[in-house]
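Here's the structure, in structure tokens; my notes come after.
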């Protein structure tokens, strides 16, 4: 196999921790990773929306995935980060921050090392997981960011 074929058969993922789980997002969807900064709460927003931040003059909503996934909310720590991602809403890019307990590495996972998510016994809502990646004897839940944020939810983030 040529090096181009190997590269086409793999994708880069940003790994992070949420609760005690190791999760990942495709790097192509990540804009940047920020140190935790002040988050301003916005009244009458969904419980999972922690608030908004000012990112170089732009107001960015910040989502608490603990609450979005129905997990117990945890206090932020020195390791907490905001992962800034871009969502698609009716052809328009929408920038959103998601809280992570800690951010780790960018890793490459080949398609052959990705299994479908289990339908039973998972503590995560399987519709939010695109698969389970294997990397160095560790399992990583690969999040499907488009399923996590439906078009309706993304629209409410824009309006909120």
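The values are calculated or read from the model by the stated rules, or taken from the named source; none is laboratory data. Note that the structure is a prediction, hence the values are computed from the model and not measured. Heads up, the Cβs are rebuilt from the backbone with ideal geometry, glycines too, and the neighbour counts pull from every protein chain shown.
Can you name every residue in the stretch 126-160 that is part of a helix (DSSP H, G or I), at pLDDT below 80 and either loosely packed, with under 13 Cβ neighbours inside 10 Å or out of contact with any strand residue (DSSP E or B) (no Cβ under 7 Å at 6 or more places or on another chain) (or both)?
Going through the stretch 126-160, the residues part of a helix (DSSP H, G or I) turn out to be 126-128, 145-148, 151-159.
Okay, now just the ones that are also at pLDDT below 80, so 126-127, 151-159.
Of everything in the stretch 126-160, those that are part of a helix (DSSP H, G or I), at pLDDT below 80 and either loosely packed, with under 13 Cβ neighbours inside 10 Å or out of contact with any strand residue (DSSP E or B) (no Cβ under 7 Å at 6 or more places or on another chain) (or both) turn out to be 126, 127, 151, 152, 153, 156, 159.
Could you tell me which residue of the stretch 64-87 is surrounded by the fewest Cβ atoms within 10 Å (Cβ to Cβ), considering only residues that are in a strand (DSSP E or B) and touching a helix residue (DSSP H, G or I) at 6+ places or on another chain (Cβ under 8 Å)? Lay out the reasoning, then the answer.
Looking only at the stretch 64-87, we keep the residues that are in a strand (DSSP E or B), and these are 81-87.
Filter again for touching a helix residue (DSSP H, G or I) at 6+ places or on another chain (Cβ under 8 Å), leaving 85-87.
On the way: 85: 23, 86: 13, 87: 19.
By that ranking, first place goes to 86.
Would you mind finding the one in 74, 96, 103, 52 that is touching a residue at least 40 places away in the same chain (Cβ under 8 Å) and more than 15 Å from the chain's Cα centre (by Cα)?
Unique residue meeting the criteria: 74.
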